[in-house]
Amino acid sequence: MKRIKQITVWLGIILALAFITLGFILYPLLRGATGYSAKMLCSGIFVEGMSQEQVEQMELTAFPFNKVENKVNTKMGTVKSTLFGLVSQTAVYQHQIGATLYPDGFKEIEGRIPAAGVDNDTIAWPMGNRMSDTIPAGVDIKSLNQFIDQQFTETSKAVVVVKDGQLIAEKYAKNLHANSPLLGWSMTKTITAALTGIMVKEGKIDIDQPALLEEWEQDERKKITLHNLLQMSSGLQWNEDYSKTSLSDVSEMLYVKSDMFDYAIANSTVANPDSLWLYSSGTTNIISGLLRQKFDDYQSYYQFPKKALFNKIGMQHSYIETDAKGTFVGSSYGYCSARDWARFGLLYLNNGNWLGEQILPEWWVKYSTTPATSSNGKYGAQLWLNASKINIPDLPSDVYFFNGYRGQRVTIFPSKNMVIVNLNSAPDGVDFNSYLKELISFVN
């Protein structure tokens, strides 16, 4: 009898330890799942203008997101997501600011005041939304529109085609329109790079300066330059896996941490700068935090994208959301209308010049489209290249693109003077090689 009691006690201890261990493993995963659900729903409903059902069908059908209970408060602009009644997270929407996930509880961010925009509906494209009714020579517009209609699926949000500076075709999903700000995911990285370029042009930052942070001065990280960060060649450790069954660095940063910059800069090095190319959203959020440090006050930092870039090129339905500490999530949370994404593509196509005003340094686009040393020709400065034809082998080698992980892409064709915007939410991505090859066949 005594032995049975001892065995029972030990079994209880083992089970308790097992549950505690399982809790340590599962708790971060549950936090990540609820954080993702709350953030995607809050932005999808209140920023993009989709219904809760649309967002859930596009973003939350896979396990464990399909087990999350989501409560949307349209009056308060909040989404609370709970999993198994154990873990919950809340995202809060504010007008012209977007949705913010607060992993450690809501705390107002002082100085996060949107800059004023301008009404561009009566201004001619590309600065405004008044369109020409002519079509450039050599465009089979009927076949082009038929192709876009045929390829538009339940995961498609928007398509915009610009040829010779003129918007010639566009299409939108249900509940979306030309002014709907739409998530670009990692296309936001190129916006962050452009903002960096503007600060370089203004003499406020030097991309070749090492010793970027006080926290890095006592180890190998002191060698890292902004140039290394821009090219994803810093040598910092990072895991960009978007697995739904494990919490990687990128998922923990985006859906569990309040201060993404602080989380990203804590990583140690695994290689010398410029010796290893490693794609990292953490790297871009380090850049975003470094830019913030160059401003004397928070409000100037927060209004900088609008004043220095968006207002300059007519992007009146665009903004970047912040983390809970007020730093732009420069890696992932850029929301721009499809037309605004096209405008941003045109800025790069025109070498950083907008209707005669040089927004970016004259050398910035060439620098941005120069392959990073260890990238095998596929990556430049926060944008993707087709120099090696690895990504889109049937398209010209001068093509480059801004890329999001669920089928968001702005593709720039310098030799064809074209910009094509595709905004999707496709879990398995999109075969852009076949899609774009056929699309451009209608434009001679």
Practice problem: Would you mind telling me which numbered condition in (1) part of a loop (DSSP other than H, G, I, E, B); (2) of a type in the set (Phe, Trp, Tyr); (3) assigned by TED's automatic domain parsing to the domain that holds Thr322 Phe147 fails? | Solution: (1)
Practice problem: Go over the candidates Asp394, Asp340 one by one and state the one that is among the charged types (D, E, K, R), closer than 25 Å to Ser156 by Cβ and part of a loop (DSSP other than H, G, I, E, B). | Solution: Asp394
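Residues are listed down the side, and each one gets a yes or a no for (1) closer than 27 Å to Gly32 by Cβ; (2) surrounded by fewer than 24 Cβ atoms within 10 Å (Cβ to Cβ); (3) at pLDDT below 95; (4) of a type in the set (Asp, Glu):
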| residue | (1), (2), (3), (4) |
| --- | --- |
| Glu252 | yes, yes, no, yes |
| Thr269 | yes, yes, no, no |
| Pro273 | no, yes, no, no |
| Asn285 | yes, no, no, no |
| Gln303 | no, yes, no, no |
| Lys307 | no, yes, no, no |
| Ala338 | no, no, no, no |
Practice problem: Please work out which one of (1) surrounded by 19 or more Cβ atoms within 10 Å (Cβ to Cβ); (2) of a type outside the set (Phe, Trp, Tyr); (3) touching a Cys at 6+ places or on another chain (Cβ under 9 Å); (4) free of Cβ contacts under 8 Å to residues at least 40 places away in the same chain is the condition Thr90 fails and give its number. | Solution: (4)
Quiz item: Inside segment 200-226, can you point out the residues that are buried (at least 20 other Cβ atoms within 10 Å of the Cβ), of a type outside the set (D, E, K, R) and either assigned to a helix (DSSP H, G or I) or modelled with pLDDT under 95 (or both)?
Solution: Leu212, Leu226
Practice problem: Would you check which residues across segment 349-367 are under 19 Å from Arg409 (Cα atoms) and surrounded by 23 or more Cβ atoms within 10 Å (Cβ to Cβ) and list them? | Solution: Val365
Quiz prompt | Search result, residues across segment 227-246 that are surrounded by fewer than 17 Cβ atoms within 10 Å (Cβ to Cβ), acidic (Asp, Glu) and in contact (Cβ under 8 Å) with a residue 12 or more places away in the chain | solution = none
Quiz item: Scanning segment 380-402 for residues that are at pLDDT 95 or above and among the hydroxyl-bearing types (Ser, Thr, Tyr), which turns out nearest to Leu195 (Cα to Cα)?
Solution: Tyr400
Practice problem: Please name all residue pairs, on different chains or six or more residues apart, with Cβ atoms under 8 Å, provided the first residue is in segment 202-219 and is without any contact (Cβ under 8 Å) to a residue 40 or more places away in the chain and the second residue is of a type in the set (A, V, I, L, M, F, W, C) and part of a loop (DSSP other than H, G, I, E, B). | Solution: Pro210/Ile224; Glu217/Ala211
Quiz prompt | Of residues in segment 147-164 being surrounded by fewer than 16 Cβ atoms within 10 Å (Cβ to Cβ) and of a type outside the set (Ser, Thr, Tyr), the one modelled with the lowest pLDDT | solution = Glu154
Quiz prompt | Matching residues, segment 298-329, being touching an Asp or Glu at 6+ places or on another chain (Cβ under 8 Å), assigned to a loop (DSSP other than H, G, I, E, B) and at negative phi | solution = Met315, Gln316, His317, Asp323, Ala324, Lys325, Thr327, Val329
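Do you know which residues across segment 76-87 are of a type outside the set (Gly, Ala, Ser) and either over 22 Å from Tyr335 (Cα atoms) or surrounded by fewer than 18 Cβ atoms within 10 Å (Cβ to Cβ) (or both)? Spell out the reasoning first.
Residues of segment 76-87 that are of a type outside the set (Gly, Ala, Ser), as a first pass: 76, 78-80, 82-84, 86-87.
Within segment 76-87, Met76, Thr82, Leu83, Phe84, Leu86, Val87 meet the criteria.
Residue-by-condition table, conditions (1) over 30 Å from Thr61 (Cα atoms); (2) over 17 Å from the mean Cα position of the chain (by Cα); (3) modelled with pLDDT of 95 or more:
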position: Leu229; (1), (2), (3): yes, no, yes
position: Leu236; (1), (2), (3): yes, yes, yes
position: Glu240; (1), (2), (3): no, no, yes
position: Asp249; (1), (2), (3): no, no, yes
position: Ser281; (1), (2), (3): no, no, yes
Quiz prompt | Selected residue [farther than 19 Å from Tyr333 by Cα, surrounded by fewer than 23 Cβ atoms within 10 Å (Cβ to Cβ) and at pLDDT below 95] from Lys174, Lys142 | solution = Lys174
Quiz item: So which of Ser37, Ser43 is at pLDDT 95 or above, in the same structural domain as Thr90 (by TED's automatic domain parsing) and within 16 Å of the chain's Cα centre (by Cα)?
Solution: Ser43
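For (1) crowded, with 19+ Cβ neighbours inside 10 Å; (2) free of Cβ contacts under 8 Å to residues at least 40 places away in the same chain; (3) under 22 Å from Trp277 (Cβ atoms), each residue gets a yes or a no:
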site: Ala372; (1), (2), (3): yes, no, yes
site: Ser375; (1), (2), (3): yes, no, yes
site: Gly380; (1), (2), (3): yes, no, yes
site: Lys389; (1), (2), (3): no, yes, yes
site: Asn417; (1), (2), (3): no, no, no
site: Ile420; (1), (2), (3): yes, no, no
site: Leu423; (1), (2), (3): yes, no, no
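The values are calculated or read from the model by the stated rules, or taken from the named source; none is laboratory data. Given the structure is predicted, the values throughout are model-derived calculations rather than measurements. Cβ: placed from backbone, ideal geometry, glycine included. Neighbour counts: every protein chain shown.
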